[in-house]
Amino acid sequence: MKFRYKEEDYNIIIEKKKTNKNTYIRVKQDLSIYVTTNYFTREKEIIKLIEENQKDIEKMIDNQRKKKENNEGFYYLGKKYDPIYVEYCDISFGEEKVFLRKDLDIDKWYKKQAKTLFKEHLDRMYKNYSEKIPYPDLKIRKMTTRWGVCNTKTKTVTLNLELIKRDLKYLDYVIVHELSHLIEANHSSKFWALVEKNCPNYKTCRKEMKDF
């Protein structure tokens, strides 16, 4: 089964589960359209549902394409560079290009930069935070679905390594977001009020980060 949009065909993958009561449609990073539904849903019902949700599916495809474009190439601190692979250095930045050793472990290099930079920003955001909170332990790891995590029991904030690729305003927002969980563990109105108090532009950051 295919979905036609802008003269291109997209695969429709049907996942049937006995435990599913409802039908869900989503577009993943590979630009395939996944339909998760009940084991007994008939194919003609699925086709009808896809036709009824055509505009929403097209929007999801556009969003995933935009995310893909925003993640292709070499990004560092919000700027995109054209990678040039060389043998004479580990890494060197030009105005629009970055020169990389062919066998350089990019994630390892990113993490080395992040350890210092993320700690500096955590210290600053913690110092300027409006409420009295315990200073958290910091962990950095690559995550696919979340920008940050706060473990309220261990007082640990984990930041997504991918933030090193983006403008530092997003890092600061995520730090404030996770620090606020040390007071409000959920996403209540009280929580968002704390976030806004310490990061007034958080709504803009949240909206822009959906494109990454």
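Test each condition in (1) under 20 Å from Glu162 (Cα atoms); (2) part of a loop (DSSP other than H, G, I, E, B); (3) open to solvent by 80 Å² or more (accessible area, probe 1.4 Å) for Lys119 and report the one that comes out false. Lys119 satisfies every listed condition except (2).
Going by the structure shown, is Pro134 closer than 21 Å to Gly78 by Cβ and either touching a strand residue (DSSP E or B) at 6+ places or on another chain (Cβ under 8 Å) or open to solvent by 10 Å² or more (accessible area, probe 1.4 Å) (or both)? Considered against the rule, which asks whether it is closer than 21 Å to Gly78 by Cβ and either touching a strand residue (DSSP E or B) at 6+ places or on another chain (Cβ under 8 Å) or open to solvent by 10 Å² or more (accessible area, probe 1.4 Å) (or both), Pro134 comes out as no.
The set of residues in the stretch 184-208 that are surrounded by 15 or more Cβ atoms within 10 Å (Cβ to Cβ) and touching a helix residue (DSSP H, G or I) at 6+ places or on another chain (Cβ under 7 Å) comprises Glu184, Phe191, Leu194, Val195, Asn198, Cys199, Tyr202, Cys205. Considering the conditions (1) part of a loop (DSSP other than H, G, I, E, B); (2) within 27 Å of Glu184 (Cα to Cα); (3) open to solvent by 20 Å² or more (accessible area, probe 1.4 Å), Arg124 is excluded by exactly one of them, (1).
Condition test on Leu31, is it surrounded by 13 or more Cβ atoms within 10 Å (Cβ to Cβ), on the phi > 0 side of the Ramachandran plot and not polar (S, T, N, Q)? Step through it out loud before you land on a result.
Working: surrounded by 13 or more Cβ atoms within 10 Å (Cβ to Cβ): yes; on the phi > 0 side of the Ramachandran plot: yes; not polar (S, T, N, Q): yes.
For Leu31, the condition - surrounded by 13 or more Cβ atoms within 10 Å (Cβ to Cβ), on the phi > 0 side of the Ramachandran plot and not polar (S, T, N, Q) - is met.
Counting residues that are more than 19 Å from the chain's Cα centre (by Cα) and not small (Gly, Ala, Ser), which helices (runs of 4 or more DSSP H) fully inside the stretch 168-211 reach at least 1?
Where helices (runs of 4 or more DSSP H) fall fully within the stretch 168-211 and carry at least 1 residues being more than 19 Å from the chain's Cα centre (by Cα) and not small (Gly, Ala, Ser), they are 189-198.
Picking from residues in the stretch 1-25 that are within 19 Å of Glu58 (Cβ to Cβ) and of a type in the set (Ser, Thr, Tyr), the one that is most open to solvent (accessible area, probe 1.4 Å) is Tyr24. Only strands (runs of 3 or more DSSP E) whose full extent lies in the stretch 33-113 are considered here, and the ones with at least 2 residues that are more than 20 Å from the chain's Cα centre (by Cα) are 33-38, 79-86, 91-93, 97-101.
Only one entry of Ile140, Ile133 meets the criterion of being more than 22 Å from Asn201 (Cβ to Cβ), among the aliphatic types (A, V, I, L, M) and in contact (Cβ under 8 Å) with a residue 24 or more places away in the chain, and that entry is Ile140. Screening Ile46, Ile91, Ile61 for residues that are open to solvent by less than 90 Å² (accessible area, probe 1.4 Å), over 30 Å from Leu171 (Cα atoms) and aliphatic (A, V, I, L, M) leaves exactly one candidate, Ile46.
The values are calculated or read from the model by the stated rules, or taken from the named source; none is laboratory data. Please read all numbers here as calculations on a predicted model, not as lab measurements. Using ideal geometry, Cβ is built from the backbone for each residue, glycine included, and neighbour counts are taken over all protein chains shown. All accessible areas refer to the heavy atoms of the entire protein, side chains included, with ligands and DNA or RNA removed. Shrake-Rupley method; radii C 1.70, N 1.55, O 1.52, S 1.80 Å.
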